[in-house]
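Okay, structure first, notes after.
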Amino acid sequence: MARPSNGFLSALSAEDYELIRPHLRMIDLPHEAILVETGETLKRAYFPHRGVISLVVKLAKGEHVQVAMVGRDSLLGTLSTMGDACALNTAIVLVPGAASVMDLDRLRDAADQSSTLRTLLTRHGLAVYAQVQQTAGCNAAHPVESRLSRCLLHTHDLSGDYRLLLTQEAMAQMIGARRNSVSLVANTLQHANFIHYSRGHIQILNLDGLRQTACECYATVKAQYDRLLGPR
């Protein structure tokens with residue numbers, strides 16, 4: 001049977017895939033759908049085929065800051081299979097698409113039966129953790145223009161799409177900046193012909209230009225993902 005186009009599912013051995021295959025089902029990921037709120041129990045694991053899920057921290061004064069993204073290369077729910085299923089952040093669909101889902105308890109049972117499945121879940125959890133750490137350092141130390149370029153590149157990688165539906169509010173959450181700063185930087189990137197931006201619609205025109213503008217955090221996170229999730 002052909003595997004779904006998700007990096008985690010594709011990387012499973014035939015035996016491990018068979019442990020979870022009967023429990024998978026397809027769903028749509030509508031734009032801005034909330035998959036779980038902070039403090040709620042995560043009940044399902046999500047394996048995106050298309051689209052991007054944003055992991056967001058909500059602060060007391062109402063600010064929302066993105067700490068990581070999950071796309072077609074991984075899954076939402078890695079660490080919850082190995083410990084507490086209480087969500088540490090809110091998961092929101094940033095880029096609409098589709099995903100395979102299964103009950104988290106079923107995935108946990110499968111991981112209990114297979115050490116190789118547990119190892120792969122751990123490596124995916126570490127990859128997301130590496131992204132969270134790098135994002136924290138990046139938002140604290142790097143210019144807004146570099147941070148936005150990094151996030152646009154990463155969103156493109158995870159979604160596989162050059163056309164993105166991203167409002168100024170969403171981009172502000174992605175990089176921990178104010179909306180007026182995002183507007184100025186988006187205009188700068190547009191004048192450089194790296195992107196075309198209009199009413200929340202972004203078309204990436206020049207990946208190389210964005211890579212030259214992005215800080216080292218884009219390459220650092222990519223290297224960590226390649227190390228942890230690449231062919232073994």
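The values are calculated or read from the model by the stated rules, or taken from the named source; none is laboratory data. Not measured: the values here are computed from a predicted model. Here the Cβ positions follow ideal geometry from the backbone for every residue, glycine too, while neighbour counts run over all protein chains shown. With ligands, DNA and RNA removed, areas are computed over all heavy atoms of the protein, side chains included. Shrake-Rupley method; radii C 1.70, N 1.55, O 1.52, S 1.80 Å.
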Quiz item: Are there any pairs, at least 6 apart or on different chains, whose C-beta atoms fall under 8 Å, with the first in region 1-25 and more than 10 Å from Ser114 (Cβ to Cβ) and the second in a helix (DSSP H, G or I) and open to solvent by 70 Å² or more (accessible area, probe 1.4 Å), and if so, which?
Solution: Met1/Arg21; His23/Arg106
Quiz item: Could you list, in sequence order, the residues of region 82-130 that are open to solvent by less than 10 Å² (accessible area, probe 1.4 Å) and closer than 24 Å to Val57 by Cβ?
Solution: Thr90, Ala91, Val93, Ala99, Val101, Leu104, Leu121, His124, Gly125, Ala127
Quiz item: Checking Met1 against (1) at pLDDT below 95; (2) part of a helix (DSSP H, G or I), which single condition isn't satisfied?
Solution: (2)
Exercise. Just need a number here: residues in region 195-217 that are under 28 Å from Ala130 (Cβ atoms) and not in a strand (DSSP E or B).
Key: 12
Exercise. Within region 60-110, work out how many residues are closer than 14 Å to Lys43 by Cα and of a type in the set (A, V, I, L, M).
Key: 12
Self-check item: Any hit, region 111-120, residues being free of Cβ contacts under 8 Å to residues at least 24 places away in the same chain and among the hydroxyl-bearing types (Ser, Thr, Tyr)
Solution: yes
Self-check item: Which listed residue is under 19 Å from the mean Cα position of the chain (by Cα), more than 17 Å from Leu35 (Cβ to Cβ) and assigned by the TED database to the domain that holds Leu59, from Leu75, Leu126
Solution: Leu126
